[in-house]
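Structure first, commentary second.
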């Protein structure tokens, strides 16, 4: 039996793009539009979301219901979820040349788990296996804007989502507001050190998407850029 | 008490009155028997004892069973899962018990988890850092039983070897028997490696249970006496 020649990964490996930002920053909308654009241009795309692996989801939601999650178990379960998606999907797809779009990446853990009180260095070590994305978009919005967007949509917040485990406030809405502003601070500290591409999340959706696409086209070969521009034309979509 | 790494910063200073004692060793090395008799003995001496073990947390254990069943679950994913399970027990069971002054007898601790990962080729430093939140125990015993003796003990109990305890996921041997022997050798070698670093006390587990029992008891009781002086 032979294993065959060693596997060489193509030079043009896939691309990894992450979007980050607090809830209500508009990042999921932007990543959806980006996905559509890339797909439309004939590229192979895979989108992955935070906390979505089947193996872990159930456990996390059970723990949430029972209210026994600690900052460390919470953090480890999210890392388990991330790694499951990383080993099953993200890494193999990148090797196969896919464009992988991550709606939240390790930076979400760096921000949230630090706010919950885990040691920042420990969290970084935990995720040290994760490949650094080619681009990390950070959608920056004033906390009040994001919070109001979230609350107008569905006014029933969940315990952990609102950071109630941190004893920030007895009022769930107030707790959520404080929690989100602390996460924002963590994100802001990462903008420079982790090289985030900051997108102003209070701009019109189309304008944000134009900025995103123009940045992403920097990762494409000339031929692909040309095809993408002709097909779905960034220029023609630019509001004049 | 100390932690192996950054600990659990959000808990602040830990006021711990109890003691944490760990018994490590492969399946069928006599761990559970020893823990049961030690518990009785210590309680007879007037110490309150709490037992803990791996994969016993209500939170995660079912998840681990499902993850193992699900094909394609990566070794790092499983190791993070086990770490979450361990953290749950540490924070919700071990630490509260230690705070109230109990002696916690742990039926295995992070070392088994680290050994399993190391023999599967995971980065030892990463695994060590992963458990930076773990408390450093007061005493760690490692029950040593040679793989060839171990295999007979398992067969006396049941007629099959456990898939993972035989390292069947690693492709080590033609059949389950040889895989078990090879795998247990690797694990034993890994424990040897860890001995000095983590201050484990090796205990010859091939002797009669009574002999092992009296050695463990003597060591634990003299440690407890030394602590109170």
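Summary table
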{"read-out": "Relative contact order %, chain A, counting alpha carbon pairs below 8 Å whose residues are six or more apart", "value": "28"}
{"read-out": "Rg/Rg_globular for chain B, with Rg_globular taken as 2.2 N^0.38 Å and Rg from C-alpha atoms", "value": "1.01"}
{"read-out": "The protein assembly as shown, Rg to Rh (Cα coordinates; Rh as Kirkwood inverse mean 1/r)", "value": "1.04"}
{"read-out": "Most fluctuating residue given options A:35, A:121, A:20, as computed from a GNM of chain A linking Cα atoms under 10 Å", "value": "A:121"}
{"read-out": "Residue mean of other protein chain beta carbons inside 10 Å, B:1-9", "value": "3"}
{"read-out": "Ranking of B:178, B:142 by count of other Cβ atoms within 10 Å, fewest first", "value": "B:178, B:142"}
{"read-out": "Kirkwood Rh in Å, taken over all unlike Cα pairs in the range A:15-234", "value": "18.2"}
{"read-out": "Distance in nm between pseudo-label sites at residue A:214 and residue A:32 (7 Å out along the Cβ direction from Cα)", "value": "2.5"}
{"read-out": "Label-point separation, residue B:210 to residue B:70 (7 Å along Cα→Cβ), nm", "value": "5.0"}
{"read-out": "Share, in percent, of DSSP beta bridges within chain B that are antiparallel, nearest 5", "value": "5"}
{"read-out": "Residue B:149-residue B:58 pseudo-label distance in nm [points 7 Å out on the Cα-to-Cβ vector]", "value": "3.9"}
{"read-out": "Alpha carbon convex hull of the range A:64-166, projected area averaged over orientations, nm²", "value": "7.9"}
{"read-out": "Computed [θ] at 222 nm, helices only, for chain B once each DSSP H run of length n ≥ 4 contributes -39500 (n - 2.57)", "value": "-15500 deg cm²/dmol"}
{"read-out": "Scattering profile of the range B:89-170 at q = 0.11, 0.21, 0.22, 0.27 Å⁻¹ [log10 I(q)/I(0), Debye over alpha-carbon scatterers]", "value": "-0.44, -1.11, -1.14, -1.30"}
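Computed from the coordinates by the stated procedures, all read-outs in this text should not be read as laboratory data. All figures in this text were calculated on a predicted structure; none of them were measured in a lab. Virtual Cβ from ideal backbone geometry, glycine too; neighbours counted across all protein chains shown.
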